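So the structure is just underneath, and the comments pick up after that.
All of the numbers you see were taken from the coordinates with simple rules; none came from a lab. Since we're looking at a predicted model, the values are computed, not measured. A quick note on method: Cβ atoms are made from the backbone with ideal geometry, for glycine too, and the neighbour counts reach across all protein chains shown.
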Amino acid sequence: MAALENKLTEMLAPSVEALGFELFGIEYIRAGKNSILRIYIDHEKGIHVDDCALVSRQVSAILDVEDPISEQYVLEVSSPGIESPLFTLEHYQKFQGEEVQVKLKMPIQGSFNLKGEIASVEENQVTLETLDRGQVTLFLDNIRKANLVVRF
């Protein structure tokens, strides 16, 4: 899955950036005829529905020509939102000190799910300060999904 998402990022990032947006990340969720290609865009002034529509039209045209996904899917373009997903090491660095919910590919200390504050980020590792396990260091390639946790 990561290989497809990396290929799509390389293919689409220049066009998204040419429109004035950051390609924040890409998720491809396989679900047969209900598969979803979700593209997150960001901008320092925020994202509006018209921005998503503009990027959707541009990305859709590229995907129609390049045809990198053979099965049927729905294209969604969205802002990262307040529970922003984290995709890159730079995202973890940007949100250091914030609380995240992490789903792992392989369990650590018997768990696939961790919640904690991003304590440090080095090379390909993220260290979380958790309430129940103390500090836990994760390899970036073992993280299936991570999202910011909103505190009210």
Item to complete: Take the alpha-carbon centre of the range 78-152, take the same for the range 11-27, and report the distance between them in whole Å.
Response: 23
Discussion item. I want to make sure I understand the PRE zone here: with the label point 7 angstrom from the Cα of E5 toward its beta carbon, which residues in the range 30-60 have backbone N atoms less than 14 Å away?
Written reply: 30, 36-41
Practice prompt. Give a residue-ordered list of calculated ³J(HN,Hα) values for the range 140-151 (Karplus: 6.51 cos²θ - 1.76 cosθ + 1.60, θ = phi - 60°; whole Hz; x for Gly, Pro).
Written response: 4, 6, 8, 8, 6, 7, 9, 9, 5, 9, 7, 9
Practice prompt. For D64 and L131, calculate 0.36 nm times their separation in residues minus their Cα-Cα distance, and state this gained length in nm to one decimal.
Written response: 19.4 nm
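Grab the DSSP H runs of the chain that are 4 residues or longer, score each as -39,500 (n - 2.57), total them, divide by all residues and round the 222 nm result to the nearest 500 deg cm²/dmol. Each step should come with its number before you reach the end.
Details: 3 runs with 41 residues, N = 152.
Per the formula, -8500 deg cm²/dmol.
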Worksheet, complete the sentence: If the chain between E17 and L140 were fully extended at 0.36 nm per residue, the gain over the current Cα-Cα distance would be 41.8 nm
Worksheet item: Which one of F21, F95, N34 has its Cα pushed farthest toward the positive end of the charge dipole of the range 1-132, where Lys and Arg give +1 and Asp and Glu give -1 at the Cβ?
Response: N34
Worksheet item: Relative to the longest principal axis of the chain, what angle (0 to 90°, nearest 10) does the C-alpha long axis of helix 2-18 take?
Response: 60
Fill in: Cα-centred dipole magnitude for the range 2-78, charges only on beta-carbon of K, R (+1) and D, E (-1), debye, nearest 20
240
Practice prompt. Find the all-direction average of the projected area of the Cα convex hull for the range 2-78, expressing the result in square nanometres with one decimal place.
Written response: 4.8
Discussion item. Can you give me the long-range amide H partners of S120? Hydrogens built in the peptide plane at 1.01 Å from N, cutoff under 5 Å, separation of 5 or more residues or another chain.
Written reply: T127
Worksheet item: Rg and Dmax of the range 89-148 over Cα atoms: what are they, in angstrom?
Response: 10.0, 28
Response to the item:
In degrees rounded to 10, the 0-90 angle between helix 49-66 Cα long axis and the longest Cα principal axis of the chain is 70
Response to the item:
Taking the chain, the lysine pairs whose C-alpha atoms sit under 30 Å apart (8 or more places apart or on different chains) add up to 23
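May I ask you to list the trypsin sites (Lys or Arg not before Pro) in the range 123-152 that are in a DSSP loop and have at most 15 other Cβ atoms within 10 Å of their Cβ? Can you show the working numbers first?
Numbers: sites: R133, R144, K145, R151; in loops: R133, R151.
Those that pass, being in a loop and sparsely packed, are R133, R151.
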